[in-house]
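Comments concern the structure below.
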Amino acid sequence: MPVILLALFSFPPMAAQFAATKIGVEAGLTAWDIAAFRYGAAAIGALLVLASPSRRAIMRAAPGRFIVVGLLGGAFYGAIFTAATTMMPASHSTLFAPSSSIVCTLLVAGIVLGVWPSPTRLIGVAVILLGLFVFASVGDVKVDAQALGGDALFGLIGLLWGCFSVFARKWNLDPLCCVAAMGLTGFLFVPLWLVVAPSNVTAANLPVALGEAIFQGWFLTFVAFLAYMTLVHRLGPPTAALGIALIPPMGVAIATLVLHETTYPGQWLGASIVVVGLAIAGGVGAGPLGRVVGLRPVP
C-alpha cells in the first residue's frame, strides 16, 4: 500500500478519537467507561487475529516481546493518556501530547537503534514544535501545578509510545500481531473497570458506548494503529512519528465539522507552520507525500 494511503488511514482516525471521546463524555460516559468499551472491543478483535494459526505461531515464537509491546501501547497507555488529558486545558494537551510523542520517539530511536536525526531533521522538528506552540497558544495555555502533573504524564506516555514503536521495529514484529497484543491488554483492563471504577453506562447511552467500541476499539486499533505500525516498519519510528504533528489541526477540523466547535485563525497559522516543519524534516525532493508532510526516511 502506498505511504500516502497508510498515512490517511493512520492520522485522521487518530485525530477523530478526540471528537469521539467528547461525544461519549457528552452522553454521560466516564473516561473509564469509554476506555473499557474501547479495549474490550479491541480484545475481541485480538481474538479474531489469534484465530489464524499463522498469527498464533508468530506470537508464540516471541511471546515476551509481544507482551512488552502490548503493555507499552495498550490499555494502560490509553488510561494514562486519558488521566493526563483531564488534568490540563485542552489547548495544553494539544501542545504536549504530540510534542512528547515526537521527541521521545526520536530519543528512543537514537538510543536503541542508533538512528539520530540529521541537522535538517532537527530544524524541521524545531519548526514543528513552534507550530504546535502557536496552535495551542491560541487557546490561552495556562501552567499550574495540575497542568505540570499532566505534562509529566504526557512525558511518560510519549516515552511509552516511543518505546512501543522503536522496539516493534527493532524486533521486526509483525504489525498485525503488534496491534493484537495491544488489544489483548483489554482482558486486564475490563475486569479492573468492573471492580474499581464507577460507571455511568445506561440504556440511554449504551448505543454511544457501543459506537465507541466500534470506532475506537476496532477501527482505531485494527485500521489506524495497524497502518501506523506499517509506516513504522517502512519508514522507521522517527519518520513515522513526525506525522503525529498533524493530529492537532486534523482534530480541530473534525471537531469543527462534527461538533460545530469554534476555530481561530491562529490555529490554522500554527497548523501551516507544522506542515512547513514536516516538509523540512522530510528533506527536499522527497516525492509527493514528502513534499507535503515529510513522511519519508531521512539518512
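The values are calculated or read from the model by the stated rules, or taken from the named source; none is laboratory data. Source: prediction; values computed, not measured. Glycine gets a Cβ as well: all are built from the backbone with ideal geometry, and neighbour counts include every protein chain shown.
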Completion exercise
Checked segment 20-41 for anything over 15 Å from residue 217 (Cα atoms), modelled with pLDDT under 85 and surrounded by 19 or more Cβ atoms within 10 Å (Cβ to Cβ); matches are none
Practice task
Taking residue 188 as the residue in question, decide whether it is under 21 Å from the mean Cα position of the chain (by Cα), part of a loop (DSSP other than H, G, I, E, B) and at negative phi.
Solution key: no
Exercise for the section: Might you let me know whether segment 50-68 holds any residue that is under 18 Å from the mean Cα position of the chain (by Cα), closer than 23 Å to residue 188 by Cα and not hydroxyl-bearing (Ser, Thr, Tyr)? Expected result: yes
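Residues checked against (1) at pLDDT below 95; (2) crowded, with 20+ Cβ neighbours inside 10 Å; (3) assigned to a loop (DSSP other than H, G, I, E, B); (4) touching a Gly at 6+ places or on another chain (Cβ under 9 Å):
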position	(1), (2), (3), (4)
134	yes, no, no, yes
148	yes, no, no, no
158	yes, yes, no, no
165	yes, yes, no, yes
169	yes, yes, no, yes
Practice task
Output the qualifying pairs, or none if there are none: Cβ atoms under 9 angstrom, residues six or more apart or on different chains, first residue in segment 227-242 and under 21 Å from residue 275 (Cβ atoms), second residue among the acidic types (Asp, Glu).
Solution key: none
Exercise for the section: Would you tally the residues in segment 212-230 being over 19 Å from residue 240 (Cα atoms) and crowded, with 17+ Cβ neighbours inside 10 Å? Expected result: 7
Practice task
Return the residue satisfying two criteria in turn: it lies in segment 202-211 and is touching a helix residue (DSSP H, G or I) at 6+ places or on another chain (Cβ under 9 Å) and assigned to a helix (DSSP H, G or I), and of such residues it is surrounded by the fewest Cβ atoms within 10 Å (Cβ to Cβ).
Solution key: 210
Practice task
May I ask you to list the residues in segment 74-120 that are modelled with pLDDT of 85 or more, part of a helix (DSSP H, G or I) and in contact with a Pro (Cβ under 7 Å, 6 or more places away or on another chain)?
Solution key: 105, 106, 109
